[in-house]
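Since the structure comes first, as structure tokens, the remarks are kept for the end.
The values are calculated or read from the model by the stated rules, or taken from the named source; none is laboratory data. It should be emphasised that the depicted structure is a prediction, and the values quoted were computed from it without experimental measurement. Cβ coordinates were reconstructed from backbone atoms using ideal geometry, including for glycine residues, and neighbour counts include every protein chain displayed. Heavy atoms of the whole protein, side chains included, go into the accessibility calculation; ligands, DNA and RNA do not. Shrake-Rupley method; radii C 1.70, N 1.55, O 1.52, S 1.80 Å.
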Amino acid sequence: MSQLSGGEIVELSKRQQHIIEIVKEDGPITGEQIAERLNLTRATLRPDLAILTMAGFLDARPRVGYFYTGKTGNELLTETIKKYKVQDYQSRPIVVEESTSVYDAISTMFLEDVGTLFVVDHHSCLTGVLSRKDLLRASLGKQDLAAIPVHIIMTRMPNITVCRRSDLLIEVAKQLIDKQIDGIPVVKDTTQGLEVTGRITKTTITKVFVELVMDDQV
Ligand code: ADP
């Protein structure tokens, strides 16, 4: 049996699983009583009880004892993921100005190794988004790419999905799916508009998904 706790997976020992069974059946029950049932001392049991409480299996109330929270592994996993905030996972945004040419935007995309560029005005405020396909589409004709500014082809405000640093990562992940886009800018409200301060992409979410498991294995 394994359980998520603060982003880490805790493998439960046989003894810990036994403790959960006892508390499930007879809780609320004191640490002393659990120790008696297992023929162990209270001191030996203390680390196990601490782990089970931290992982969310058990709850402890003073003078009452331990009781089973009744939460499934999935519920505890959901609780963990719902603590993840944009501010803890956002990466550096790559921005270009509205007057940048399509040619230079393509170069920037390669040089910075990103799939989405954000377009800003001279106050560094968000005005547009450029995806790989936006730039590919603009490259299909015979136009001079160095002569077309990106503001002609970008997806523009107010049709841009944004998020803020205090948003929940899971909500942003849902937006990426619902809107069928690869990246969302993290913005800060200013008097001039929305200042771009970060980005959340499908890669961000994939990394979090992998780290959730790998953290426990290193
Ligand atoms: P691609 O077009 O390369 O598949 P996306 O799926 O990210 O990449 O983009 C699809 C379309 O949605 C593009 O026209 C792009 O400009 C637009 N787009 C990308 N990100 C956003 C966003 N955060 N808000 C609104 N539109 C976006």
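Quick check on my filter: what residues within region 109-119 are within 15 Å of the ligand (Cβ to nearest atom) and more than 25 Å from the chain's Cα centre (by Cα)?
Once the filter is applied, which keeps residues that are within 15 Å of the ligand (Cβ to nearest atom) and more than 25 Å from the chain's Cα centre (by Cα), region 109-119 yields only PHE110.
Among the listed residues ASP59, ASP113, ASP88, identify the single one that is among the acidic types (Asp, Glu) and surrounded by 13 or more Cβ atoms within 10 Å (Cβ to Cβ).
Testing whether each residue is among the acidic types (Asp, Glu) and surrounded by 13 or more Cβ atoms within 10 Å (Cβ to Cβ) leaves just ASP59.
If I filter region 129-164 down to residues being basic (Lys, Arg) and in a loop (DSSP other than H, G, I, E, B), which single residue comes out as nearest to the ligand (Cβ to nearest atom)?
Top of the filtered list is ARG164.
Which members of region 143-155 meet the condition of being open to solvent by 70 Å² or more (accessible area, probe 1.4 Å) and within 26 Å of the chain's Cα centre (by Cα)?
Within region 143-155, none qualify.
Give region 179-195 a look and list any residue that's closer than 18 Å to ASP88 by Cβ and either within 12 Å of the ligand (Cβ to nearest atom) or open to solvent by less than 80 Å² (accessible area, probe 1.4 Å) (or both), or say none.
Once the filter is applied, which keeps residues that are closer than 18 Å to ASP88 by Cβ and either within 12 Å of the ligand (Cβ to nearest atom) or open to solvent by less than 80 Å² (accessible area, probe 1.4 Å) (or both), region 179-195 yields GLY183, ILE184, PRO185, VAL186, VAL187.
Can you tell me how many residues in region 193-206 are out of contact with any helix residue (DSSP H, G or I) (no Cβ under 8 Å at 6 or more places or on another chain) and either aliphatic (A, V, I, L, M) or at pLDDT below 95 (or both)?
2
Residue-wise test of (1) open to solvent by 20 Å² or more (accessible area, probe 1.4 Å); (2) not in a loop (DSSP other than H, G, I, E, B).
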site	(1), (2)
VAL119	no, yes
THR127	yes, yes
SER166	yes, no
GLU171	yes, yes
ILE177	yes, yes
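I'd like to verify a number: residues in region 68-117 that are assigned to a helix (DSSP H, G or I), small (Gly, Ala, Ser) and at pLDDT 90 or above, how many?
2
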